[in-house]
Amino acid sequence: MFERRFLFLLMLTLVAVAAAPAQAKEGSDDPKWCRACHTSSVLSEESMAGGVHADLSCRDCHQGYHFNPHEKVEVVDTDETKAFKKLGYRSPVAMAACTECHDTLSDVPGFSAHGRATDPSDALPYCLDCHGDPHTIKAMGSLTANERKLAQNERCLGCHDNAVKMEGTGLSTDIRAPYQHTVHARKLALGDDKAPGCVDCHGGHETLTGDAEVESTCGKCHEDANSTFLSISGHPPHTKQAHPISYWTLKFFAVLTFATILALILHVLLDLLATIRAAIRTRTKEEEEEERKKFGEKGLNPHKEVQRFDLHQRLQHFIMIASFITLVLTGWPISTSGIGVSHGLVAALGGLGVVALLHRIAGIGLIVTSVYHLCYLGFLFATKRKAMPLSMLPAPKDVKDVIHNVLFFFGLKKDRPRYGRFSYFEKFDYWAVFWGVVIMVGSGLIRWFPVITTKVAPAWVYEIAYIAHADEAILAALAIFVWHFYNVHLRPAVFPMSWVFIHGRMSMEEMDLEHGAVFDKMLAENVAKLSVEADNVAIDADVSEDEEEIASSDEDNDGEPQSGDSDSDDIDDADRAS
């Protein structure tokens, strides 16, 4: 009984095995038969479901296969396959399979610049190198224009950034970093759908090579682009040999930014430590007595306010604040497009189009306040009020103040220097802004109108402007937030901020601390004034005694007026005048 059952099961098994090839052959268009052995997750039904080739069968692409593991694979040897093999493609059969459906790419095999081999032995790229795995290629409609361009760029850089793959081509592989510094790359990184990617400028299957083709391509976005503009539209690395002016400009700003910010940070730290040391130091009786005399015997009220800045100066400062902050908020994301927070900032401001518009409006605001300031200075000189603008010029006293202050930082001087109307760090602020405005406005206008610039100036002018605009912006932002904010907002003496930039007034006590030389002059003038007033009081007392004697004499003369009374009045007036 057992033997019969065993023989029956064996016969069923043999029949099933014999029928398997025929069954597989009949249903070979169903990918499930391939997945029985090809178990990669890429080939899973879920992975391929969203692909553009989801409706195709395996047979449509994999030529030469009978989809039966028991049959030999046929060698595909068509004219098209031979042509791709002759061109040096690694997978001529795969190339032939792709062009069988995508036959509109070209009438001739080797349709792209990638197929124009100089050496048949070169392992040239084929469709999958650029488009990815055909099993999972997504339909164009499933990606936004920005996502599609970013994906295409990574495909291009996957080879052109690889020294091994590009060996023997004669093309530079140092392209990723230079490209990422271009406006096109930064806009794409921030989500702009209209910004061009690699394929938009260089072409895809028909890669652009001639100058005429490049000029027509650039002209689609930049009307009237000339040959000079075309020379700056690429993204070559700024090497000493190829672009020496750009190279040294980059080096200059790198050294300038590092040295300046390092010096400012050290100054801030030393000032803070010296302020803490001075605050915990016990004051001597002589110092307390001198302080009492300032605002006591010498007649100055510590709470009395003096006008330091007029309305015009405050208005200029307000416009400058609004312009600068807007420029930083809208320019910083462009310079740091690879940082995630930049994307959020652009989105919060309303998108890249709004950011660009705000940046230009703020740039105009910077120009307006600069012109306003120059006109204001001209007005002061025209009205012979030269003291204020001239007091902003660097002077020998500033050098002495710097040395004095450094000695104070290290405890070698008991007190800080007595600054004039403007201290050396206020003058640094002023001239740093003056330098920055010239560079930022000039380079900003050049970058705003590149086609016009390249019509009247050589290419290196634009290259310098492009570098200077970004690097000077970084230097200016760091200087303001590290140096200026500390001096006017975060220093213990003024924390949380000095309000003088709002109402323009300063108390006598603040004047003594911040601008001691001016305070000392006011103190001396007040002492002189008190001295004159004391003399006048003495004269008035003498006159009063004389008047009492005259009145007494008149009473003795029965009220009769005496001769010479008018002369006495004249003398009294002269005495008072003296």
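Things to note:
Table: residues versus (1) exposed (fewer than 15 other Cβ atoms within 10 Å of the Cβ); (2) under 26 Å from Leu273 (Cβ atoms).
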position	(1), (2)
Lys455	yes, no
Leu475	no, yes
Phe485	yes, yes
Pro492	yes, yes
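- First in region 392-421 and in a helix (DSSP H, G or I), second anywhere and of a type in the set (Asp, Glu) and surrounded by fewer than 16 Cβ atoms within 10 Å (Cβ to Cβ), Cβ under 8 Å, 6 or more apart: Phe408/Asp415
- Any hit, region 429-436, residues being more than 24 Å from the chain's Cα centre (by Cα), hydroxyl-bearing (Ser, Thr, Tyr) and assigned to a helix (DSSP H, G or I): no
- Flag for Met388 being without any contact (Cβ under 8 Å) to a residue 40 or more places away in the chain and touching a Phe, Trp or Tyr at 6+ places or on another chain (Cβ under 7 Å): no
- Any chance Phe229 is assigned to a helix (DSSP H, G or I), modelled with pLDDT under 90, under 28 Å from the mean Cα position of the chain (by Cα) and of a type in the set (Phe, Trp, Tyr): yes
- First in region 514-540 and closer than 28 Å to Arg418 by Cα and of a type outside the set (Ser, Thr, Tyr), second anywhere and at pLDDT 80 or above and part of a helix (DSSP H, G or I), Cβ under 8 Å, 6 or more apart: Val518/Met511; Phe519/Met508; Phe519/Met511; Phe519/Asp512; Met522/Met508; Met522/Met511
- Every pair of residues 6+ apart whose Cβ atoms lie under 8 Å, when the first sits in region 157-186 and is over 26 Å from Ile464 (Cα atoms) while the second is hydroxyl-bearing (Ser, Thr, Tyr) and part of a helix (DSSP H, G or I): Leu157/Tyr179
- Residue within region 374-384 that is in a loop (DSSP other than H, G, I, E, B), over 20 Å from Asp520 (Cβ atoms) and out of contact with any Cys (no Cβ under 6 Å at 6 or more places or on another chain) present: yes
Okay, residues lined up against (1) more than 30 Å from Thr239 (Cβ to Cβ); (2) part of a loop (DSSP other than H, G, I, E, B); (3) modelled with pLDDT under 85:
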| residue | (1), (2), (3) |
| --- | --- |
| Ser121 | yes, yes, yes |
| Asn146 | yes, no, no |
| Leu150 | no, no, no |
| Glu154 | no, no, no |
| Lys165 | no, yes, yes |
| Gly168 | no, yes, yes |
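- Candidates Glu305, Glu291 - the one that is in contact with a strand residue (DSSP E or B) (Cβ under 6 Å, 6 or more places away or on another chain) and under 25 Å from Asp520 (Cβ atoms): Glu305
- The listed residue being under 30 Å from Thr228 (Cβ atoms) and in contact with a Phe, Trp or Tyr (Cβ under 8 Å, 6 or more places away or on another chain), out of Ile474, Ile467: Ile467
- Residue pairs whose Cβ atoms lie under 9 Å apart, sitting 6 or more positions apart in sequence or on different chains, and linking a residue in region 31-60 that is of a type in the set (Asp, Glu) to a partner that is surrounded by 10 or more Cβ atoms within 10 Å (Cβ to Cβ) and assigned to a helix (DSSP H, G or I), are Glu45/Arg35; Asp60/Ala97; Asp60/Glu100; Asp60/Cys101.
- Members of region 137-153 found to be surrounded by fewer than 17 Cβ atoms within 10 Å (Cβ to Cβ) and closer than 19 Å to Leu43 by Cβ, listed by number: Lys138, Ala139
- Among the residues of region 214-224, at least one is surrounded by 13 or more Cβ atoms within 10 Å (Cβ to Cβ), modelled with pLDDT under 85, among the charged types (D, E, K, R) and part of a helix (DSSP H, G or I).
- Within region 239-263, being under 11 Å from Ile464 (Cβ atoms) and outside any helix (DSSP H, G or I) holds for one residue alone: His243.
- Any hit, region 197-210, residues being in contact with a Phe, Trp or Tyr (Cβ under 6 Å, 6 or more places away or on another chain), more than 20 Å from Ser342 (Cβ to Cβ) and surrounded by fewer than 17 Cβ atoms within 10 Å (Cβ to Cβ): yes
- From Asp310, Asp401, residue being out of contact with any strand residue (DSSP E or B) (no Cβ under 8 Å at 6 or more places or on another chain), under 30 Å from Glu525 (Cα atoms), at pLDDT 90 or above and buried (at least 16 other Cβ atoms within 10 Å of the Cβ): Asp401
- Among the residues examined, Leu358 qualifies as at pLDDT 95 or above and touching a helix residue (DSSP H, G or I) at 6+ places or on another chain (Cβ under 9 Å).
- Within region 279-288, one or more residues are without any contact (Cβ under 8 Å) to a residue 12 or more places away in the chain, of a type in the set (Ser, Thr, Tyr) and out of contact with any Cys (no Cβ under 9 Å at 6 or more places or on another chain).
Quick grid of which residues meet (1) under 16 Å from Met320 (Cβ atoms); (2) surrounded by 15 or more Cβ atoms within 10 Å (Cβ to Cβ); (3) at pLDDT 95 or above:
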residue	(1), (2), (3)
Lys414	no, no, no
Gly420	no, yes, no
Phe425	no, yes, no
Phe434	yes, no, no
Ser443	no, yes, yes
Pro450	no, yes, no
Ala470	no, yes, no
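- Residue under evaluation Phe295, criteria (1) at pLDDT 80 or above; (2) surrounded by 11 or more Cβ atoms within 10 Å (Cβ to Cβ), criterion not met: (1)
The values are calculated or read from the model by the stated rules, or taken from the named source; none is laboratory data. Here the structure is a predicted model, which is why all the values come from computation and not from measurement. All Cβ positions, even for glycine, are placed from backbone atoms using ideal geometry, and neighbour counts span all protein chains on display.
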